[in-house]
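Okay, structure first, notes after.
Quick note: the coordinates plus some simple rules give every number you see, no bench work behind them. Quantities reported herein were computed from a predicted structural model and do not represent experimental measurements. Cβ placement follows ideal geometry from the backbone for every residue including glycine, while neighbour counts extend to all protein chains displayed.
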Amino acid sequence: MKRYLPLLLPSALLPYGFLFFLFGFFRGFLLDFIGNPLWILLWLGLWSFIAFLANLAFFILALGKQWSGRSLALVSMVLKLIQIPGYVAIFLLGCIFAITIWLFAFIIVLFFFDCLTILLTGLVGLAASIRCAKEKRVSKGLCIANGILSFVFCVDVVFAILFYIKSRRSVS
């Protein structure tokens, strides 16, 4: 599995890339370099699409190659923990943008972007749930709950940690 972990790199860095492009857009240095703001949107869309394809490939490989559920639970937990500072920064930006009416439209963009990132990390959590259920490493109820809650904001991180801890021992 270690050689397939770079497939998750685009989705792990996606919130930070988005923040970089937002910072560059508002500071102006990115527009001076690129010229047209539509190129920024095109680049972010391309990066998001590549991250989605890479996570989908990882999901299919995780189920097809019979990787252990415990290692997938660890990968899911680490992936979600890596993105916490990015989520906090995006949340704070959303709060700042909500203050003025001129930047209110950016809140919608931030929300859709957050939905995309939760979808990407949720695929890894779903793969971990399926593998742990097949291995009977964790109870079916917890696997179903993790599979669903991997796609819910804030709860996914807590449940990923709990799921990894529970997956260390098999259910008797």
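Its Cα centre serving as origin, the chain has a Cβ charge dipole (Lys and Arg +1, Asp and Glu -1) of approximately 1080 debye.
For the chain, what is the mean residue ellipticity at 222 nm derived from helices alone (per DSSP H run of n ≥ 4: -39500 (n - 2.57); sum divided by total residues; nearest 500 deg cm²/dmol)?
-26500 deg cm²/dmol
So which trypsin sites (Lys or Arg not before Pro) in the stretch 1-104 end up in coil per DSSP with only 13 or fewer other C-beta atoms within 10 Å?
Details: sites: Lys2, Arg3, Arg27, Lys65, Arg70, Lys80; in loops: Lys65.
Sites meeting the loop and neighbour criteria: Lys65.
Please work out whether the stretch 28-90 counts as rounded, prolate or oblate from its C-alpha gyration tensor, where a ≥ b ≥ c are the square roots of the eigenvalues and a/c under 1.5 means rounded, while otherwise a/b larger than b/c means prolate and anything else oblate?
Details: a/c = 5.28, a/b = 1.97, b/c = 2.68.
Note, shape of the stretch 28-90 comes out oblate.
Take every pair of alpha-carbon atoms less than 8 Å apart whose residues are at least six positions apart; their mean separation over the length of the chain yields a relative contact order of 26 percent.
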